[in-house]
Amino acid sequence: MSPLAGLTILDLTHMLSGPYGAMLLADLGARTIKVEPPGQGEATRQLLQGDPLYARDGMGAYYLTLNRNKESVAIDLKNPEGRAVFLELVARADVVFDNFAAGVTARLGIDHAALAAVNPRIVTCSITGFGETGPGAHRPAFDQVVQAMGGGMSITGQPGGPPTRAGIPMGDLGGGLFGAIGILAALQERVVTGRGRHVDVSMLDAQVSLLNYMATMYFMSGVVPEPIGNGHFVHVPYNSYRTADGWIIIACLGDAFFERLLTVLQHPGLRDPSFRLQPARLAARERIDAMVTEELAEAGTAEWLERLGAARIPCGPVNDFAQALADPQVLARGMVVEVPLKTGERLRMPGNPIQLRPAAADEAEGPVYACPPALGEHTDAVLGSLLGYPPQRIAELRQRAAIA
């Protein structure tokens, strides 16, 4: 049985942060019903929709990736009858997940207070740029805005260079991750209290949380950190280094790893007795990095990785997407999965990193991935099975544009 089987999520999310959080929960077995506006549906349905490289079966890469394992019901929440249908679904659901701008759920009459009046056990979660309290609550935000405001861009990039965003949209993805965690925490609390609660996730809060120990160091010292490229502010050598045919990472954390590195690298300058202790290596960081680079240029990445690995020195190649997604370890862990499309094609995409191992030999291992839904594909089935609506009632609602 899937770990979240038995839970029903009404997914009002759009774009990236909310859909990503809901996707993680859907992968883990929660029945996730995507509630979309009739007509165009959720916004990412149109992103890359007709692109010859990045679309399949009329859906772009965004939508295909973020909406696997979900059902789609088309309901007009601005239509009074549509809202009434939604509230009936809420009465039978466990979670309502959205990432509307702050204040939208209240304007639609579907904020936590309104939904709890229908179902006191309902857990709601809203991901917004800045949260629902504070002077900036109603400001609009996208990924790079919160990456910038959260401080992470100021330490990313090369020394003296411009601030640089993370290549992965961590502003959005961080919001989705913390949204999923918050929902699971609220569901566990409900086991004890019998009541749901609202989870308020700010994308900016998530970015500040990810500053972690570096923020504590700033508070302790008053020193504002600056970008140091791919190096480390304590450990040396710890950087990206060019080989004869690519780049590798070497990460020597502490004196013991440096001693091991000397069994692999033969550069005489690295044998300065003072380098055996970390403070001297840190003071000579540029010299040491230059010597390591000089020697690594003599052979290719694969040879160096084999030699460094044999000495159990933390290291790895700097992979591009093609290399990362073909890595034997990545494949062995099931992190490239195939999702079936209605055309019969099987589309590869990243898997779910939360891997819960079977407790018994006869249990299935890992999630099953289902095709992302067409807009309103499950409207009739969900309203019929979950709410008991007869076909005539569904047809009447459709005629009055409450559903599609």
Would you please calculate the Kirkwood hydrodynamic radius of the stretch 1-148 over all C-alpha pairs and express it in Å, rounded to one decimal?
16.1
Nothing charged except the Cβ atoms of Lys and Arg (+1) and of Asp and Glu (-1): what's the magnitude of the dipole of the chain about its Cα centre? Round to the nearest 20 debye.
640
Given 10 Å bins starting at zero, what is the percent of C-alpha pairs of the stretch 34-84 in each, up to the one with the largest pair distance?
26, 46, 21, 6, 0
P(r) of the stretch 1-54 in 10 Å steps, Cα pairs, percent per bin?
23, 43, 27, 7
Helix-only estimate, please: 222 nm mean residue ellipticity of the chain, summing -39500 (n - 2.57) across DSSP H runs of length 4 or more and dividing by its residues, to the nearest 500.
-10500 deg cm²/dmol
Of the accessible area of the chain, computed with a 1.4 Å probe and all protein chains kept, carbon and sulfur make up a percent value of 59
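Accessible area, 1.4 Å probe, largest first: how do S209, S126 sort?
Working: S209 60, S126 5 Å².
Solvent-accessible surface, decreasing: S209, S126.
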Distance from the Cα centre of the stretch 1-58 to that of the stretch 195-262, in angstrom?
32
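Report the local net charge at G334: Lys and Arg +1, Asp and Glu -1, summed over other residues whose C-beta lies under 14 Å from its C-beta.
Working: positive: R333, R348, R357; negative: D27, D327, E338, E365.
Its environment carries a net charge of -1.
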Surrounding net charge for M23, when Lys and Arg each add one and Asp and Glu each subtract one, Cβ distance under 12 Å
+1
Selected from V35, F275, G222, residue furthest toward positive end of dipole (the chain; charges at beta carbon)
V35
Could you give the angle, 0 to 90 degrees to the nearest 10, between helix 80-91's Cα long axis and the longest principal axis of the Cα atoms of the chain?
60
With springs only between Cα atoms under 10 Å apart, run a GNM on the chain and tell me which of C252, C125, C371 wobbles the most.
C252
Which value in nm describes the separation of the simple spin-label points at D255 and V318, placed 7 Å from the Cα toward the beta carbon?
3.1
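Please list 378-388, 171-181, 341-351, 324-334 highest first by mean number of surrounding beta-carbon atoms within 10 Å per residue.
Details: 378-388: 16.5, 171-181: 24.5, 341-351: 13.5, 324-334: 11.9.
Listed from highest to lowest mean packing, they are 171-181, 378-388, 341-351, 324-334.
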Here, the chain modelled as identical Cα point scatterers in vacuum has Debye log10 I(q)/I(0) at q = 0.11, 0.14 Å⁻¹ of -0.94, -1.27
Enter the angle in degrees (range 0 to 90, nearest 10) between the Cα long axis of helix 203-221 and the first principal axis of the Cα atoms of the chain, meaning the one along which they spread out most.
30
Tell me the net charge near V382. Cut-off is 14 Å between Cβ atoms, V382 excluded, with +1 for each Lys or Arg and -1 for each Asp or Glu.
0
Show me 194-203, 213-222, 157-166 ranked by packing, highest mean number of other Cβ atoms within 10 Å first.
194-203, 157-166, 213-222
Probe of 1.4 angstrom, ligands and nucleic acids ignored: what's the accessible area per residue over the chain, in square angstrom?
51
Simple SL model, points at 7 angstrom along Cα→Cβ for Y218 and A364; separation in nm is 4.6
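The values are calculated or read from the model by the stated rules, or taken from the named source; none is laboratory data. Because the structure is predicted, anything quoted here is derived from the model rather than measured. For neighbour counting, all protein chains shown are included, and Cβ atoms are generated from backbone atoms with ideal geometry for every residue, glycine included. These accessible areas exclude ligands, DNA and RNA; they are computed on the full protein's heavy atoms, side chains included. Shrake-Rupley method; radii C 1.70, N 1.55, O 1.52, S 1.80 Å.
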